[in-house]
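The values are calculated or read from the model by the stated rules, or taken from the named source; none is laboratory data. This one's a predicted model, so the numbers in the text were calculated from it and none came from an experiment. Cβ placement follows ideal geometry from the backbone for every residue including glycine, while neighbour counts extend to all protein chains displayed. Surface areas here come from the heavy atoms of the whole protein model, side chains and all, with no ligands, DNA or RNA. Shrake-Rupley method; radii C 1.70, N 1.55, O 1.52, S 1.80 Å.
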Amino acid sequence: MSLIKNVGTIGGLTAISRVFGFARDMLLARALGAGLVGDAFQLAFTLPNTFRRLFAEGAFSVAFVPMYSRALHGHDGEPGSEARAERFAGDVLSVFLWVLLGFSALCMVFMGGIVWLLAHEYAKVPGKFELAVLLSRITFPYLFLISVVAMLSGLLNARSRFGPGAVAPVLLNLVLIGAILVGRHLRGASGDDHVVGYALAAGVSLAGVAQLLYLAWETRRAGVRLKVQMPRFTPEVKRLGLLILPATFGAGIYQISQLVDTFFATSLPQGSLTLLKMADRLNQMPLGIVGIALGTAILPMLSRHIHTGEAKEAQRLQSNAFEIATLLTLPAAAALAVCAGAFCTAFFVGGKFKPEDGAVMAQIVVALVAGLPAYVIVKILNPGFFAREDTRTPVWTALISLVFNLTLNVFVVRQYGIVGLAAATACSASLNCLLLYAILHKRGWFRFTAQLAGKIARQLLATMAMAAVLWWLTPQLAAYYSGSWIQRSWSLALIVFAGIAVFFAVAFAVGAIDRSVLAQLRRRRPARTEADDEILEVE
């Protein structure tokens, strides 16, 4: 399938998930605000989510997908087959389940120590540390469930079935929205926010069950039959394990940085962790839709080209992905930075979430989105290593970036607080991006061409034009961002549509968007051929 079609499928479904996630956080802000229970739940939700992104969706997926694709499609003249691929996946699942169960059980037993390492300052607030430990134990089974979901998603991705894995997060957000509504109902007139916290924590684990059942059903629909048996450490399973260990670090710099941020945020005034996570929701909208979609789509396609010796196709694929990434993330980052105050006020302020909370959150958003292009581009560059089963090189770039992040945090958090922490994360992600590209370029695996640079320069010109219009327009509507829901809706809609219109009008005028691409996308052909399924040129 074409890169654009795959990214459109994943990105479109991820966008739906992000919309529901946004609704979830809007309800959560109004239900709990930036207070004790809100901080405790954010920490409890961060732990399984971070491990899930680090191990399951990060290290495991980038190591598993190329190996499964090779077993399915063949490699270096060695034929692939359904039977071989299913046998490999079954062996991995049989070992993976026991590892997950053991890891989850240990973490739940020692959850008090884990929470203390990340948030020992919570112990200074009566009841906050104990609540964080309890909620974390309730949410942690989600790690086991969603890790199996990630494996099944990777299996389907290798078969170019990207939809189910992108739909699964929608289930999480729907269940959590339901949990917030149930918790608010049970809280009633008592006003005890703990009830909402318990409902949310239980909802996280229930959502994991729903996601696993859905992916298991989709896997069977795809004709894949996995057998769970006694664990066998076959040579393929051992090789996967060796690839996962360095990939855990290399693919997870963003997640590791989030744990570092969590540690520093819990030492700041109460509500800081909640504000950071809420601000990251705005940052995650384009990151999830564009970055995850591109990274997920490019890995199996890049693996195929590399394994069949098509170096030019691999270069073209990465160039196409890079151009798509910057076309979408540069204007998104600029718009979020200029309109951060408007978005935070209109979407989140209300109920227990105060205007002063929204003002601080807006500053955090500006700091975070400074690194948005880098977050997304890392998702494109990493597969250049993983598709070649080189998971060690990103370890060194990630280590350098993480040390850089820690050093910055030590100096800026004390002076600039939560905003300085967010800015340090953006800087470290940018450093990681530059290091990864430099190594790919040196090895001749990916080159930044003059043609690609010209396209990005034109994109920047369109982005600056859009930012100038938004800079003028946003203050004109300031009175409506805290008004009724109708006033909030139309004022934000005006900002969004104005930004989109200006950006794409200028982008077309200066040649940042290739008209031939749209012509190919609109072209209707009576029958599909193998050539139709190749990558769509955007050069």
Largest-first ranking of ARG458, ARG84 by accessible area, probe 1.4 Å, whole protein assembly kept, is ARG458, ARG84
Figure the gain on full extension for ILE400 and ARG221 (residue separation times 0.36 nm, minus the Cα-Cα span) and round it to one decimal in nm. 60.1 nm
Pulled fully out, how much extra length does the chain show between ALA438 and SER484, if you take 0.36 nm times their separation in residues and subtract their Cα-Cα distance? 11.5 nm
Cα-based shape type of region 331-468, given that a ≥ b ≥ c are square roots of the gyration tensor eigenvalues and the cut on a/c is 1.5: oblate
Carbon and sulfur atoms: what percent of the 1.4 Å accessible area of region 141-287 do they account for? 67
Can you flag which of LYS128/LYS352; LYS238/LYS442; LYS227/LYS379; LYS238/LYS312; LYS277/LYS352 are past 21 Å Cα-Cα? LYS238/LYS442; LYS227/LYS379; LYS238/LYS312
Take PHE96, PHE140, PHE497 and sort them by solvent-accessible surface of the protein heavy atoms, 1.4 Å probe, largest at the top. PHE497, PHE96, PHE140
Rounded to the nearest 0.05, FRET efficiency between GLU121 and VAL510 (Cβ-Cβ, R0 51 Å) equals 0.50
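Between GLN229 and VAL19, what is the FRET efficiency for a Förster distance of 45 Å, r being their Cβ-Cβ separation, to the nearest 0.05?
Once rounded, the FRET efficiency stands at 0.65.
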Calculate the FRET efficiency for LEU245 and LYS312 from the Cβ-Cβ distance with a Förster distance of 30 Å, rounded to the nearest 0.05. 0.40
Tell me, what is the 1.4 Å probe accessible area of LEU226, in Å² to the nearest 10? 50
On the full set of protein chains, 1.4 Å probe, figure out the accessible area of GLU130 and give it in Å² to the nearest 10. 120
So how far apart, in nm, are the two label points at PHE411 and TRP471 if each is 7 Å from Cα heading toward Cβ? 2.8
Contour excess over end-to-end distance, with Cα ends at PHE110 and HIS185 and 0.36 nm allotted per residue: 23.7 nm
